[in-house]
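Nothing in this text is a laboratory measurement; each read-out follows from the coordinates by a stated rule. Keep in mind it's a predicted model, so treat the numbers as computed, not measured. We place every Cβ from the backbone using ideal geometry, glycine too, and count neighbours over all the protein chains shown.
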Amino acid sequence: MVAPDQIESLRDAVGDGGLQEHAPLELDGLTAALTLSPADGEGLARALAALRNCGLAVAVRGSGSHVGVGNLPMALDAFLSTGRLLGIEAFEAGEGVCQVRSGTPLRDVRDVLAGSGWELPLDPPGRDSTVGGCLAAASVGPRALGLPSDHVLGLTVSLTSGQRVRCGGRVVKNVTGYDLNKLYTGSFGSLGVIESAWLRLRAAPERSASCEIAGSDAAAACLAAIAAARCVSGRAAAIATNGADGWRVVVELAGDAPTVDRDLVRLRDEYGARETAHTSIDRIRDRQLEVPAPLGLRFRLGALPSRLESALLELRAGGASLLAYPRLQLVYAGFALDASTEDAEVDAIFQRVRSVARTAGGSYVCEAAPTAVKAGRDMFGDLGASGAIVRALKRRFDPTGVLNPGRFAGRN
């Protein structure tokens, strides 16, 4: 329970209209009836300092697309929303860069860039995904070109000390020293809260085309998907199966018209590809957030292309529905649970995923799980020797445990 004097302290810090009292909202078994919504960076920094002084803990959220990702929270007194940190602060078409505030929905950025010759390289699932949420969760979709951190030139971040720090710069040549962008990107708001980001854009293609390939089995699907991903114009290639509709590969090509046409002919001639609607890859992206049944599990695993087939077969043998992006070396696996599923069966699923990830040359994160399943388990897997580094970073940047306490890797 947040005391009345603490509420007033928070209200003064966050500014007019920045604190809402509401019916309790639940997050993994804990509830909070306050939401702080600062309107600018100064308000965000003041709010974090006030939370630290009051000894309170918050869960940071944008649109809510990734709010369920993470371990069980150790404490929860309020939510901190970036929903009022809106707008594109700068767009420099000559440099191919833009500065965007963290609560801005990606669709708004895409609308501004439309017709400019540039496009966003970020492609997370969730129709309401925000820039800050995408970066904090290091979330990718089928069109992503590498990790989100690869496209971040600079960040402005607020810390629980009340400091606002800037790392990186507006253009590549200004980025020197330690790359702190990569520290904050993917830390799930456990070290600081992103206020805004300078992003490097990518050139918009002259032409795009979508096609689909029916795979007779996992081997054929992997072969076709890897070939499509390696095409010059290959922007997205995904393998999908739920066991009922066989193996299928969905591809999106983008680039100059002659190259797209040449690659499309090659995929048609060599793999039997047929053209489909341009929204095909969008539907694939939407599947990333799906969880089989209300009580299901969803994992994200890393898998090298050379080990992708064996990883898919092993996961499918355990009953998983699958989505894989060979170019990004990622696999999404969903497992259905029900009220009768015993704890030993859940342990067996985690053990299977852990084993597959290790053999495939990657790691894993359980992105969605019922609260009861999270109890006693780390959703980010075994950190090994890096666990000490993660704990040291948490102590350095958030020593009093204001930001998402317990929710990040190693329960930090």
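Here is how the numbers come out for the structure above:
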item: Over region 1-137, relative contact order from alpha-carbon pairs under 8 Å, at least 6 apart, %; result: 21 percent
item: Long-range amide H partners of Glu367 with built H, under 5 Å; result: Arg298, Phe299, Arg300
item: Pairs of Cα atoms farther than 18 Å apart, region 138-273, %; result: 63 percent
item: Selection from Ser116, Gly169, Gln99 lying farthest towards where the dipole of region 87-244 points positive, charges on Cβ; result: Gly169
item: Residue among Ser310, Ser37, Ser196 with the largest mean-square fluctuation in a Gaussian network model of the chain, springs linking Cα atoms under 10 Å; result: Ser310
item: Cβ-placed point charges (K, R +1; D, E -1), dipole of the chain about Cα centre in debye, nearest 20; result: 980 debye
item: Shape call, region 211-336: gyration tensor on alpha carbons, a/c limit 1.5; result: prolate
item: Alpha-carbon Rg/Rh ratio, for region 295-412, with Rh computed the Kirkwood way; result: 1.01
item: Relative contact order (percent, whole number), the chain, Cα cutoff 8 Å, 6+ residue spacing; result: 16 percent
item: Burial ranking of peptide ranges 40-52, 116-128 (average Cβ count within 10 Å, highest at the top); result: 40-52, 116-128
item: Inter-site label distance for Ala375 and Glu290 at 7 Å from Cα along Cβ, in nm; result: 3.1 nm
item: For region 34-79, the fraction of alpha-carbon pairs in successive 5 Å shells from zero, as %; result: 5, 19, 28, 25, 17, 7
